[in-house]
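Scroll down for the structure; my scribbles are underneath it.
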Ligand SMILES: [Ca+2]
Ligand SMILES: [Ca+2]
């Protein structure tokens, strides 16, 4: 590891633990859940009749009908924080059919002059609150504007050491996803990345919208299907036609690109789910409004929750000092061998000032 990364150990780890596709699998849950695939509902069985009657607005949003669903894990890939499964009622709301694109985010920046978190130097006074007490302040040069960039390894490596494939790269931001000398030219219809939760909220406020709650996100991802693992049903990700932009091959050193894309894909490259939403699974992780608490679902066990807004406090046992927000849906870096973030119920947690080259967002509006 480069010296500057060693010096940035705590800060870097703080970010890494938060960015998804980075954890060793936890013990699977076996309390009645089955991983046995059932009949595929990917193609014709995905509620095409509801698609025909789907209502869209002029801003590229689709009306998600109100309804009740069971939130939480549906197979033995689910992690502890996805249980217990619990009943949730969600009011109708509008949701972007695709992730916010570079073109959309550029219009926001042009209109407002907004500067993203990754384009500003790290505020040590803020970041140290999220670190173990006594963590020494890094040199100012290491607090320069930067973000996390994925770099594949050249051979198989232990999946426990995330610093092998993530680099804290100065100059990486939404305009330069891979750092200096990279650009988003030609990627106007790709999802914006390297946006923090604060950046996403600022965009929403400008657009007169908001981030989805975690419950809204999962309900929308399910697309009207009941208790299925994926947005398309239960068919295995690798079976049949490509369903989502994920990591194909062997993570993190060989990407076969059999789904067509190594990194981000243009939005709407794969089939929409039953509600007409694209890339709820894969492409980029999507910020939700909610705080993350590992035991949040336990507080909702046996109850019917109406439009839950998330826990009052944040807690991630991996980083007890850090406040975290939820991200959902997985990314182009997710692979079954490591993280199955593209499952409907998979929960990820990220500090709100963290961006990376595989995290973006989409917006919603209440319909009432
Ligand atoms: Ca891919
Ligand atoms: Ca996505």
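No lab work stands behind these numbers, since they all come straight from the coordinates. Just so it is clear, the structure is predicted and the values come from calculations on it, not from any experiment. Cβ sites come from the backbone with ideal geometry, for glycine too, and all protein chains shown count toward neighbours.
In plain terms, the chain from residue 185 to residue 123 could stretch by 19.3 nm, reckoned as 0.36 nm per residue minus the Cα-Cα distance. In terms of surrounding Cβ atoms within a 10 Å radius of their Cβ, 358, 98 rank from fewest to most as 98, 358. Dividing the convex hull volume of the alpha-carbon atoms in the range 92-166 by its residue count gives 247 Å³ per residue.
With contacts taken as Cα pairs under 8 Å at a separation of at least 6 residues, the chain carries a relative contact order of 27 percent. Using a/c under 1.5 as the rounded threshold, could you call the range 135-204 rounded, prolate or oblate? The axes a ≥ b ≥ c are square roots of the C-alpha gyration tensor eigenvalues, and prolate needs a/b larger than b/c, oblate otherwise. Oblate is the answer for the range 135-204, as a/c is 1.5 or above yet b/c matches or exceeds a/b.
Classify the chain: rounded, prolate or oblate, from the alpha-carbon gyration tensor (a ≥ b ≥ c, eigenvalue square roots; a/c under 1.5 rounded; otherwise prolate if a/b is larger than b/c)? Judged from the Cα gyration tensor, the chain comes out rounded (a/c under 1.5). Comparing Cα centroids, the range 227-260 and the range 142-163 end up 22 angstrom apart.
Per residue, the average separation of C-alpha pairs within less than 8 Å and at least 6 apart gives the range 83-194 a relative contact order of 30 percent.
Helix 197-207 and the longest principal axis of the C-alpha atoms of the chain enclose an angle of approximately 60°.
Across the range 231-368, the mean sequence separation of Cα contacts (distance under 8 Å, 6 or more residues apart), normalised by length, yields a relative contact order of 26 percent. All alpha carbon pair distances within the range 313-368 were sorted into 10 Å bins beginning at 0; the resulting P(r) in whole percents reads 20, 44, 32, 5, 0.
Taking square-rooted eigenvalues a ≥ b ≥ c of the alpha carbon gyration tensor, is the range 267-336 rounded, prolate or oblate, where a/c under 1.5 means rounded and, failing that, a/b exceeding b/c means prolate?
Numbers: a/c = 2.60, a/b = 1.51, b/c = 1.72.
Cα axes put the range 267-336 in the oblate bin.
Counted by neighbouring Cβ atoms within 10 Å, the residues 292, 270 run from fewest to most as 270, 292.
Listed from fewest to most Cβ neighbours within 10 Å, the set 242, 258 follows the order 258, 242. May I ask you to derive the FRET efficiency for residue 271 and residue 80 from their Cβ-Cβ distance with R0 = 35 Å, giving the value to the nearest 0.05? For R0 = 35 Å, the calculated efficiency reads 0.65. Here the extension length gained between residue 57 and residue 89 equals 9.2 nm, from 0.36 nm per residue of separation less the Cα-Cα distance.
Calculate for the chain the 222 nm mean residue ellipticity that helices alone would give, adding -39,500 (n - 2.57) per DSSP H run of length 4 or more and normalising by residue count, nearest 500 deg cm²/dmol.
Working: 7 runs with 55 residues, N = 368.
Roughly -4000 deg cm²/dmol at 222 nm, from the helical runs in the chain.
The label-point distance for residue 312 and residue 236, in a model that sets each label 7 Å from Cα toward Cβ, rounds to 4.6 nm.
Site pair residue 164 and residue 367 shows an inter-label distance of 4.7 nm when each label is modelled 7 Å from Cα along Cα→Cβ.
Principal-axis analysis of the Cα atoms of the chain puts helix 102-112 at an angle of about 60° to the longest axis.
DSSP beta bridges confined to the chain are antiparallel in about 80 percent of cases. Using the beta-carbon distance between residue 110 and residue 198 and R0 = 22 Å, what value does 1/(1 + (r/R0)^6) give for FRET efficiency, to the nearest 0.05? Rounded to the nearest 0.05, the efficiency is 0.70.
For the range 225-368, what is the percent of antiparallel DSSP beta bridges, rounded to the nearest 5? Working shown, then result.
Values: 11 of 15 bridges.
Percent antiparallel among DSSP bridges in the range 225-368 is about 75.
Taking Cα atoms only, the orientation of helix 9-18 departs from the longest principal axis of the chain by about 10 degrees.
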